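Enquirer: Following this message is one structure expressed as structure tokens.
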């Protein structure tokens, strides 16, 4: 199987805007079309509670005519047009689809952050992990989210093997970002968030990129838009992951970033696994 995950940062902007950034986003979509993956996970869709419009579905259908779509948007009492996730999966695949709530704090369970596809012999689940926020104002809630999410994945893993992906909003180790020393108390690299990810892996999961590539440095999945030179200088962070249950990690044949050209922000990540 070939699977791709990407934080798109607004499907509407990517599909319908004429901005320079949208043009770069559509070039990435063209790349995904060429990859012909079995499953594509998309985070930060930023769609309304009603989900994709007819126009969005038409455009997506033009790009991905051989795929079915499932989505989950942020709904009240959470913010509108916020977070959100989507799966595109090849027609002929017939997963059971669920939109789990994990007992998360604040409005996090209403923000459309998790979709799970259940197949006969495994799960594929994606997450858009809440950001700890400016000034770490949501760090306490984020820590509780991490605990609840780890429990949820462990429960899945007790039933059948798991492929878990998404924007986890954490660089796990110093090697996973360009400037660790100046980011000790930055959202995404606090000791608390890193410990949460360590706890997740300890429940029986493998970071497939490190499993295949070891301690290769300077490979990232996100570059800040606010810095014009972040991608040119490769001052990035690796915060997007493909995880698998430990017992199927050796079935992974590829785990890597997909080149997104000049577009800053997230780049898609690829997993190939022999299931």
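Computed from the coordinates by the stated procedures, all read-outs in this text should not be read as laboratory data. Bear in mind that the values here come from a model prediction, so they are computed numbers and not experimental data. Reconstructed Cβ throughout: ideal geometry from the backbone, glycine too, with neighbour counts over all protein chains shown.
Enquirer: Full-extension gain between residue 134 and residue 182, please, as 0.36 nm times their residue separation minus the C-alpha to C-alpha distance.
Expert: In short, 15.7 nm is gained.
Enquirer: At 222 nm, what helix-only mean residue ellipticity would the chain give, in deg cm²/dmol to the nearest 500, using -39500 (n - 2.57) for each DSSP H run of four or more?
Expert: -8000 deg cm²/dmol
Enquirer: Same structure, new question: Could you tell me what percent of the DSSP beta bridges with both partners in region 57-166 are antiparallel, to the nearest 5?
Expert: Rounded to the nearest five, the antiparallel share is 70 percent.
Enquirer: May I pose another question? Over all distinct alpha-carbon pairs, what is the Kirkwood Rh of region 2-273 in angstrom?
Expert: 18.6
Enquirer: Counting DSSP beta bridges with both partners in the chain, what percentage is antiparallel, nearest 5?
Expert: Of those bridges, close to 75 percent are antiparallel.
Enquirer: Shape verdict for region 1-150, please, from the Cα gyration tensor: rounded (a/c under 1.5), prolate (a/b greater than b/c) or oblate.
Expert: It comes out oblate by the Cα gyration axes.
Enquirer: Identify which of 256, 174, 111 has the largest mean-square fluctuation in a Gaussian network model of the chain, with springs joining Cα atoms closer than 10 Å.
Expert: Evaluated over the chain, the most mobile residue of the options is 174.
Enquirer: Taking a quarter of the surface of the Cα convex hull of region 166-242, what do you get in nm²?
Expert: 5.1
Enquirer: How do 93, 153, 271 rank when sorted from fewest to most other Cβ atoms within 10 Å of their own Cβ?
Expert: 93, 153, 271
Enquirer: Please compute the length gained on full extension between residue 174 and residue 253, using 0.36 nm multiplied by the number of residues separating them and subtracting their Cα-Cα distance.
Expert: 25.9 nm
Enquirer: Using Cα-Cα distances under 8 Å and only pairs 6 or more residues apart, what relative contact order does region 111-238 have, in percent?
Expert: 23
Enquirer: Give me the log10 of I(q) over I(0) for region 54-125 at q = 0.13, 0.26 Å⁻¹, as the Debye formula computes it from C-alpha points; what are the numbers?
Expert: Per q value, in the given order, log10 I(q)/I(0) is -0.45, -1.14.
Enquirer: Further question on the same structure: Give me the Å³ per residue figure for the convex hull around the C-alpha atoms of region 68-214.
Expert: So the per-residue hull volume is 125 Å³.
Enquirer: Any idea what diffusion coefficient region 151-200 gets from Stokes-Einstein, in µm²/s, Kirkwood Rh on alpha carbon pairs, 20 °C, 1.002 mPa s?
Expert: For the chosen part, D equals 176 µm²/s.
Enquirer: List the extent of the Cα atoms of region 130-258 along each of their three principal axes, largest first, rounded to whole Å.
Expert: Dimensions of region 130-258 along the principal axes of its Cα atoms: 44, 34, 20 Å.
Enquirer: If contacts are Cα pairs under 8 angstrom and at least 6 residues apart, what is the relative contact order of the chain in percent?
Expert: The value is 18 percent.
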